[in-house]
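So the structure is just underneath, and the comments pick up after that.
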Amino acid sequence: SIPCTACRYCVDGCPQRILIPDLFNAMNLKRVFRDWDQEDRYRNELTKDNGKASDCIRCGQCEAVCPQHLPIRQLLQEVAKVFEKTE
C-alpha cells in the first residue's frame, strides 16, 4: 500500500489540480481490499473535475512538501497504469 497520511499538503500547490491523497487512497483500496468500485470512483468522482494521475507534469512541487517523503511522481505513474489502462 501507499503510506500516504492524506495531509493534503501536496494538493494545494499542484498545477494540474490532482487530488493526490484521494488517488492514493483509491489505489490502496483496490490493491489491499480488491475494491473494484474504485475504478468507477476514480473516473466519475476523483478525476471528473480534477486532474488524472497521467496529467502530472512531474514538476515536483508535491514531493517538496510531502512530510512522508513519498516518491509521488512515480506513484502517480503507477496509479495511471492501474486506473487509466482502458481510457
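The values are calculated or read from the model by the stated rules, or taken from the named source; none is laboratory data. These numbers were taken from a predicted model, which means no experiment stands behind them. Cβ atoms come from the backbone with ideal geometry, glycine included; neighbour counts cover every protein chain shown. Accessible surface areas use protein heavy atoms only, side chains included; no ligands, DNA or RNA. Shrake-Rupley method; radii C 1.70, N 1.55, O 1.52, S 1.80 Å.
One residue stands out in segment 58-67 among those that are within 18 Å of Glu78 (Cα to Cα) and in a helix (DSSP H, G or I): the one that is least open to solvent (accessible area, probe 1.4 Å), namely Cys62. Counting only residues that are over 14 Å from Gln68 (Cα atoms) and more than 12 Å from the chain's Cα centre (by Cα), which one in segment 1-15 is surrounded by the fewest Cβ atoms within 10 Å (Cβ to Cβ)? Looking at the filtered set, the residue picked out is Asp12.
Within segment 25-57, restricting attention to residues that are of a type in the set (S, T, N, Q) and under 20 Å from Ser1 (Cβ atoms), the residue that is least open to solvent (accessible area, probe 1.4 Å) is Gln38.
In segment 50-72, the residues that are closer than 17 Å to Val82 by Cβ reach residues that are open to solvent by 40 Å² or more (accessible area, probe 1.4 Å) and in a loop (DSSP other than H, G, I, E, B) with C-beta atoms within less than 8 angstrom, at least six apart or across chains, in these pairs: Gly51/Gln16; Gly51/Arg17; Asp55/Gln16; Cys56/Gln16; Leu70/Pro3; Leu70/Cys4. Filtered by the rule that a residue be touching a helix residue (DSSP H, G or I) at 6+ places or on another chain (Cβ under 9 Å) and either farther than 11 Å from Cys14 by Cβ or not hydrophobic (A, V, I, L, M, F, W, C) (or both), segment 65-77 gives Cys66, Pro67, His69, Leu70, Pro71, Arg73, Leu75, Gln77.
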